[in-house]
1. Restricting region 24-38 to residues that are aliphatic (A, V, I, L, M) and over 16 Å from Leu64 (Cβ atoms), which is surrounded by the most Cβ atoms within 10 Å (Cβ to Cβ)?
2. Anything in region 8-45 that is at pLDDT 95 or above, assigned to a loop (DSSP other than H, G, I, E, B) and aliphatic (A, V, I, L, M)? List them, or say none.
3. What is the residue count in region 55-70 for residues that are farther than 21 Å from Thr6 by Cβ and either surrounded by 10 or more Cβ atoms within 10 Å (Cβ to Cβ) or in contact with a strand residue (DSSP E or B) (Cβ under 8 Å, 6 or more places away or on another chain) (or both)?
4. Scanning region 21-38 for residues that are within 9 Å of the chain's Cα centre (by Cα) and β-branched (Val, Ile, Thr), which turns out nearest to Arg9 (Cα to Cα)?
Amino acid sequence: MNFEYTTGRTYDKPQVLLITVEQQTTDDLGLIDLVATFVDSSRHISGRINTVMFPRETVGAAVLQAYDAGNYSPL
């Protein structure tokens, strides 16, 4: 699944993350294991995240949170 996530921030231009979900599975407690890649053309950064998200959280918000925390592998 590919989609764009607009963050509301502006760097060289408005920050829009191009996100590709590689894997998304739900455990017995309802938590979601997420593996996704992102491309941030406003900051010229791309990476892969592997995180756990809550069911009510959006994929875009989970990717941005991991990205902001530096919890990604550069691509």
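1. Result: Leu31.
2. Within region 8-45, Leu31 is the sole residue that qualifies.
3. The total comes to 1.
4. The extreme case among them is Thr37.
The values are calculated or read from the model by the stated rules, or taken from the named source; none is laboratory data. Remember, predicted model here, so these are calculated numbers, not experimental data. Cβ atoms come from the backbone with ideal geometry, glycine included; neighbour counts cover every protein chain shown.
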